[in-house]
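What follows is a short report on a single structure.
Derivation of every value follows stated rules applied to the coordinates shown; laboratory data play no part. Keep in mind it's a predicted model, so treat the numbers as computed, not measured. Positions of Cβ are backbone-derived with ideal geometry, glycine not excepted, and every protein chain shown enters the neighbour counts.
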Amino acid sequence: MDKTLVTGANGLVGCAIRKLDLPNFEYVTHEDVDLTDFEKTKYIFETIKPTRVIHLAAVVGGIGGNIMHSGEYFRSNVMINTNVLECSRICGVKKLISFMSTCVFPDQCSYPLNEKDIHNGPPHPSNFGYAYAKRMLEVQSSAYRKEWNCNYIVAIPTNIYGPNDNWSLEDGHVMPSLIHRCFIAKKHKLDLTVWGSGKPLREFVFSVDIAKLAVWALDNYNEDSPIIFSSGVEISIKELVEIVTAEMKFKGKIIFDSSKPDGQFRKPSDTTKFKKYCPDFEFTSIERGVKETVNWFESNYPNVRI
Ligand code: GDP
């Protein structure tokens with residue numbers, strides 16, 4: 001029977017995979033092993049002896065974190081990915097899935113974003129280090145497939161959100177930061193400040209959906225080229241704010257802070273390949289996903305990752 005190792009198991013998607021409660025899955029977190037260290041990574045692989053790997057571990061942040069820490073995000077992610085893929089290879093892992101993000105796409109790119117366009121130009125300057133490090137996952141997987149016939153596949157989810165996120169107000173992604181900020185604004189009767197103009201568009205996807213798709217891909221997807229996981233539904237940050245504030249019953253004033261960055265205006269994804277493979281997959285609606293995420297945050301605060 002296969003043994004599946006999940007790295008980054010305390011993160012957004014890792015926690016959602018744990019909830020699926022699948023047999024013969026093992027989980028490692030950054031507290032168990034420093035994946036930037038090759039010997040420690042190898043030790044974990046030699047001890048657990050996985051036949052399949054879901055590689056989720058990464059050093060990530062929202063637009064704030066990406067701008068502030070471009071060197072750190074590049075260095076750590078390149079090291080983590082190199083070690084995990086190399087240890088998988090030398091320990092005979094049969095199948096590995098790793099995750100990029102839509103920020104890997106070129107800033108100047110034709111829409112919708114298609115899997116084949118990843119390397120056709122530099123990424124948006126706001127996530128330079130992270131995006132180049134993530135692109136290398138696809139390069140390493142493909143190079144390993146060519147030389148050693150490794151069945152390593154790569155998924156590109158759009159903006160993931162859900163319970164167990166990083167709720168940092170400065171370094172987090174928009175959904176967790178917004179929920180956290182709205183929580184504080186409501187509690188202390190303050191205005192709610194939203195970064196940027198509210199006009200940028202994003203495709204949000206609930207972590208539980210990505211967890212299910214990660215397992216699906218491990219069983220069913222074998223192409224060299226990555227696969228985008230997205231519903232293809234874009235909403236503006238302003239619409240997101242409306243959904244979050246309605247769910248949290250926030251009645252105060254909302255201020256869009258134009259001194260904060262908007263990032264890429266939009267990054268609509270091409271879901272053709274995904275729909276060909278999974279025509280019947282039903283994504284969780286944003287309203288339902290936000291409800292579950294807000295419930296989780298409110299029940300766990302202040303014991304949340306910040
Ligand atoms: P991105 O898709 O990589 O840009 O990921 P983000 O989650 O950082 O989303 C950024 C979009 O949400 C940008 O348009 C931001 O201006 C907007 N936004 C609004 N409020 C916030 C916030 O509190 N944190 C973050 N990270 N973005 C915010």
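Counting other Cβ atoms within 10 Å, which chymotrypsin sites (Phe, Trp or Tyr not before Pro) in region 57-160 have at most 12 and lie in a DSSP loop? In loop regions of region 57-160 (DSSP not H, G, I, E or B), there are no sparsely surrounded chymotrypsin sites (Phe, Trp or Tyr not before Pro). Compute the distance from the alpha-carbon center of region 78-146 to that of region 244-284, in whole Å. Cα centroid to Cα centroid, the span is 23 Å.
About the Cα centre of region 1-155, what is the dipole size in debye to 20, counting +1 per Lys and Arg Cβ and -1 per Asp and Glu Cβ, all else neutral?
Details: 16 positive and 16 negative charges, 83 e Å.
Once rounded to the nearest 20, the dipole reads 400 debye.
So which GluC sites (Glu not before Pro) in region 29-88 are both in a DSSP loop and have at most 11 other Cβ atoms within 10 Å of their Cβ?
Numbers: sites: 31, 39, 46, 72, 86; in loops: 31.
Taking region 29-88 and a limit of 11 other Cβ atoms within 10 Å, the loop GluC sites (Glu not before Pro) found are 31.
Here is the list for region 116-190: GluC sites (Glu not before Pro) lying in DSSP coil, each with at most 11 other C-beta atoms within 10 angstrom of its C-beta, are 170. An ellipsoid equivalent to region 196-306, defined through the eigenvalues of its Cα gyration tensor, has semi-axes of 29, 19, 13 Å when rounded to whole angstrom and sorted largest first. FRET efficiency for the pair residue 46 and residue 238, taken as 1/(1 + (r/R0)^6) with r the Cβ-Cβ distance and R0 = 45 Å, rounds to 0.35.
Given the -39500 (n - 2.57) contribution per DSSP H run of 4+ residues, what per-residue ellipticity at 222 nm results for the chain, rounded to the nearest 500 deg cm²/dmol? Write out the running numbers ahead of the final one.
Details: 10 runs with 129 residues, N = 306.
Dividing the helical sum by the residues of the chain leaves -13500 deg cm²/dmol.
Around the Cα centre of the chain, unit charges on the Cβ atoms of Lys, Arg, Asp and Glu (plus for the first two, minus for the last two) sum to a dipole of about 340 debye.
Over all distinct Cα-Cα pairs of region 1-107, the Kirkwood formula returns a hydrodynamic radius of 14.4 Å. In summary, the lysines within cross-link reach of residue 146, defined as a Cα separation below 26 angstrom excluding same-chain residues under 8 places away, comprise 3, 42, 49, 94, 95, 116, 134, 273, 276. Got a sec? Charge dipole of the chain, +1 on Cβ for Lys and Arg, -1 for Asp and Glu; which of 211, 250, 197 is way out at the positive end? My answer, from the dipole projection, is 250.
For a modelled paramagnetic label at residue 170, 7 Å from Cα along Cα-to-Cβ, the residues of region 185-210 in reach, with backbone nitrogen under 19 Å, are 185, 193-196.
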